[in-house]
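Any read-out appearing in this document is the output of simple, stated calculations on the displayed coordinates, not a laboratory observation. Everything numeric here is computed off the predicted structure, so don't read it as measured data. Cβ coordinates were reconstructed from backbone atoms using ideal geometry, including for glycine residues, and neighbour counts include every protein chain displayed.
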Amino acid sequence: MEFAELIKTPRVDGVVLHRPFMPTVEGTLCLTGHHLILSSRQDNIEELWLLHSNIDSIEKRFVGSLGSIIVKCKDLRVIQLDIPGMEECLNIASSIEALSTLDSLSLMYPFFYRPMFEVIEDGWKLFLPEEAFKDLESMTDEWRLSDVNKDFSVCPSYPSLVAVPKNIDDEALRKIATFRQGGRFPVLSYYHRKNGMVMMRAGQPLTGTNGRRCKEDEKLINATLRPGKRGYVIDTRAINVAQQAKARGGGFESEANYPQWRRIHKAIERSNVLQESLIKLVEACNDQSHNMDRWLSKLEASSWQSHVKEILTTACLAAQCIDREGASVLVHGTEGTDSTLQVTSLAQIILDPSRRTIRGFQSLVEREWLQAGHPFQQRCAQSAYSNSKPRQEAPVFLLFLDCVWQILRQFPCSFEFNESFLLLLFEHTYASQFGTFLGNYTAERVKVSLPEKTVSLWSWVNRPQELQRLTNPLYEANGLVIWPSVAPQSLLLWEGVFLRWNRSSQCLDEAYDEMVHIIEYNKELQNKVNSLRRQLAQLETQDPLLQSPSAFGAGLTFGGFDWSCTGNIQDIKLYGLLRSDRNELCIWRRGVRRHHCGEGRELRRGWAFVPGPVNSDPPTQNMLASLLKLAAAFDANMPVIRTLSKVAKQALLSTPAYGCQPLTVAARNISFSPRQVTSDASFHSASFSDTDHPRVLITGGLGQLGVGLAKLLRKRFGKYNVILSDIRKPPSNVFHSGPFIYADILDYKNLREIVVNNRITWLVHYSALLSAIGEANVSLARAVNITGLHNILDIAAEHGLRLFVPSTIGAFGPTSPRNPTPDVCVQRPRTIYGVSKVHAELMGEYYHHRYGLDFRCLRYPGIISADSNPGGGTTDYAVQIFHDAFKSGKFECNLKPDTRLPMMYIDDCLRATLEVMEAPADTLSMRTYNINAMSFTPEELAQELQKQMPELEVTYDVDLVRQAIADSWPMNFDDSNARKDWSWKHDYDLPELVQTMLNYFSTDACLARAN
């Protein structure tokens, strides 16, 4: 077919072009086989070149002899062409309709395009499966590259080479392909370098209504599990949709056939729903009524942001399973070519820093979308304006790009590419001069020889001048996992796509240019700073005062005077050495002795002075110890202080009077990071033999949990091996029950000294502001719960402690599954208390993987105890009811009667804490566990209590703040992992709990009357 046959009128003069926020242009309209071109004779007016494949629909309007064509594009822009003459207008419209609906690949523009730029890298050869497998081989030898699909007969949508477990042969793969939708047997999607866990993708299993199974399939996915570990199957369909699929021959992995895998269903909508959502969203964005209620109503009705949220939530879940739980993951939906790829791709962006680079993102799109079989030709045949009934069109890839933009916006410094790169990909998926997104599968692309006959988009993107435009000026390489927020408040409308043509971009462009200018200027200044630092370092190496430690030690002499210092020592910025001169020890700075004075005179503020005559007597032990105390007042990372401490310690240990019992001195760093440990730091390990007991420090120890745990641990390990600490004065009974010490967790230096001086090996961190109290004083809660935690983590990592930090039901939010709540799910709490506990879980996990910290955490339910008064928590009504029942016989509950929350008696809670702390490290499959005992409502508790106290009156006056908190918390915990890994089992259910509490209060009341 010749294109000329479809072009009825190739050229029309006097055509007027209208575009939003741009001047009207009059010129000549030309139609070619692939482009609509409008050229003007006016100066400084660019020609309009519009691919026919980018046109989604057209509308024709006529006023007298003047006709207008409204052209609606797949990139969501709308333009108007005013064409003189009705016949010319009809001919142009007819030609555009014919040329824009061609569906033969060989007639597409990429086959006719000839690049006007030099191809530096052939994009078709950049991301071949063989190259990706080389990276995998460098990390593990448990996988192989199979060519079972070399002729695309096993799975038409897979590439010719796929990565599969080494112990699965090709014959088994062929059998598995007949068991999976579209032949899409499980293949490797991602290997997590940090812990060796993997993510696979596949099509749904074809179990049908008769429960068909495939042992080869079971063997393949089990081959990815570590001994004693479980995996997760993330099914991107709602459970009812998956059940309905069984009636049509599909299905899901049954627990009977896949006992080592836990299945999680997430409801990501299918293609027809997504297409309708896009149409509604674009309609809302084009609404010119300027009515706020109407705009918000239409935006909500589109459900687009809900789709973004659900996809991001599922991707975060997959990433959490891999990174935090150390479990492998299998992702599939129905075909495994849409929502499956959204989840696996986004999970990799969260987990893998390399995927956030320009080259890494190209690789991700190539391997997880193009080679993985996403049908771009079908999904991108229409956009939001098409008048045709949707068939298989859907904005699946656009939704993925939207999710990436949401993460990029939340972590603007962690991505090498900018928004322009995402917009470029969006545009080229719908219409392009490059062949990258043509076709549906690799087999189709090979059949029409796309790599040989077209140019790859990556060849154009990877040119230096284009990379400069697409590079994020804020980028700083970030090697960490990034966890995006999926809270509704955190997800915004992607204006760069949906409002791009409805607003002027001038202000944004000017702001971006200004930001780039500021960043470039900052780089210039930073280069100057670095140059000056190099010059300074060079001068310092030439300073004659700097000597080796041995030479410095030989020059030290000590007199018989007391050591003393004046001024604010911590403000001193030292550089230099302590030298003997004129019968005195003075501090030198910058190679010049700043001041000389006799005994009894003070130096200027900020300087230390140590008087003493020079003599030949050896230093006394007191002098050396005092010298170390002086050194301890300064930053131990400073070269002079390290040298001073080292020489003094050596001298101290060699002093005859000390024999084999050297003095232990706590060198207190002013600042410390687990990544920067001083060479002379003193360490002790948290490990101990079977006959030794741990030395335990409990922070925040005056709460009911701290007091109770100290009592339990002292029975187990001895009274003096467990130290309680708090910032309050302890009650007399607590003070006399065992060691107590004042400790403020915000005082890093004091806390570190306590750990060192008391040879602590276990640290239990209970200091925190609870939910309701924290909401009343957010700044204080932030300081205590987060800053205090950081101090604890640094100290525990420095000294190799075993650290226990409790978490809570408050660590979950309204988006978490509530009944039951699993160990691994989305956590988006809405209280500062909950946010700080999620922060503690994540930081503990990070310190475990980064520094080897033995971090252990339990998510406590509501704890019920009679020993202490209620502490202001949301679940404390369950304690208050017993106090009020015996005090007045009346109780007013501040929660609704049907508010169900998980609860636990304190004896169970304390025993669980001890058990997880004593559990062998190799039995723990995760760092944070749920534990549970019972779940009840205020009404159920009242009814159980009224069986014993029928006269008890219970009323309800709901506290809206506490109720909102409770409504966002779980109703029941899934603690199966705790029961499996370290044999957790509770003793108290609701009847036993009530009876125990009644016995306690009855005894207490009798004693009170007797007294």
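Taking R0 as 22 Å, what FRET efficiency do you get between K528 and A477 from their Cβ-Cβ distance, rounded to the nearest 0.05?
0.45
For E5 and L128, compute 0.36 nm times the residue count separating them, minus their Cα-Cα distance, and round to one decimal in nm.
This chain segment gains 40.3 nm when fully extended.
Starting from 0.36 nm per residue, how many nanometres of slack lie between F117 and E520 once their C-alpha separation is accounted for?
142.3 nm
Give, as ranges by residue number, the residues of segment 776-812 whose backbone N falls under 12 Å from the point 7 Å along Cα→Cβ of A964.
Zone members listed by number: 776.
For C893, list long-range residues whose amide hydrogen, built 1.01 Å from N in the peptide plane, is under 5 Å from its own amide hydrogen.
T955, Y956, D957
Enter the Cα centre distance for the pair segment 721-760 and segment 268-282, rounded to the nearest angstrom.
59
Once phi is turned into ³J(HN,Hα) by the Karplus curve 6.51 cos²θ - 1.76 cosθ + 1.60 with θ = phi - 60°, what whole-Hz value does each residue of segment 972-988 show in order, with x for glycine and proline?
Karplus values, whole Hz, x for Gly and Pro: 7, 9, 8, 10, 5, 5, 5, 5, 7, 6, 10, 6, 5, 7, 8, 10, 10.
What FRET efficiency do you get for D867 and K215 if R0 is 60 Å and r is their Cβ-Cβ distance, rounded to the nearest 0.05?
0.60
If amide hydrogens are placed 1.01 Å from N in the peptide plane, which non-local residues have theirs closer than 5 Å to the one on F417?
Amide H neighbours of F417, under 5 Å, 5+ apart: I358, N472.
Where the Cα atoms of segment 907-1000 are projected onto their three principal axes, how long is each span, largest first, in whole Å?
Projected onto its principal axes, the Cα set of segment 907-1000 covers 52, 33, 17 Å.
What net charge is computed for the residues neighbouring L102, neighbours being all others with C-beta under 15 Å from the C-beta of L102, Lys and Arg scored +1, Asp and Glu -1?
Working: positive: K74; negative: E2, E5, D56, E97, D103.
My count for the surroundings of L102 gives -4.
Would you mind calculating the relative contact order of segment 747-904 from Cα pairs under 8 angstrom and at least 6 residues apart, reporting the percent as a whole number? Don't jump to the answer; show the numbers that get you there.
Numbers: 205 pairs, mean separation 36.9, N = 158.
The normalised contact order for segment 747-904 reaches 23 percent.
Tell me which residues come under 5 Å, amide H to amide H, from S935 once H is placed; ignore anything under 5 positions away on its chain.
Close amide H contacts, sequence-distant or interchain: M903.
Step through the residues of segment 928-934 one at a time and calculate ³J(HN,Hα) from phi using the Karplus curve (6.51 cos²θ - 1.76 cosθ + 1.60, θ = phi - 60°), rounding each to whole Hz and writing x for Gly and Pro.
Residue by residue, segment 928-934 yields 10, 10, 7, 10, 9, 9, 8 Hz.
Exceeding 29 Å between C-alpha atoms, which entries from my cross-link table qualify? They are K194/K266; K125/K229; K72/K266; K175/K309; K219/K985; K175/K229.
K125/K229; K72/K266; K175/K309; K219/K985
Under the Karplus relation 6.51 cos²θ - 1.76 cosθ + 1.60, θ = phi - 60°, what is the ordered set of whole-Hz ³J(HN,Hα) values for segment 272-289, x standing for Gly and Pro?
5, 5, 5, 5, 5, 5, 5, 4, 5, 5, 5, 4, 5, 5, 8, 5, 9, 6
Counting DSSP beta bridges with both partners in segment 192-497, what percentage is antiparallel, nearest 5?
Looking only at bridges with both residues in segment 192-497, the antiparallel portion is about 10 percent.
Divide, for segment 59-131, the radius of gyration over alpha carbons by 2.2 N^0.38 Å, where N is the residue count.
Compared with the compact-globule rule of thumb, segment 59-131 sits at 1.71.
How high is the FRET efficiency from E46 to T955, r the C-beta distance, R0 56 Å, rounded to 0.05? It would help to have the intermediate numbers written out before the result.
Details: r = 75 Å, r/R0 = 1.33.
Here the calculated transfer efficiency is 0.15.
Do any GluC sites (Glu not before Pro) in segment 905-1011 lie in a DSSP loop with no more than 12 other beta carbon atoms within 10 Å, and if so, which?
E951
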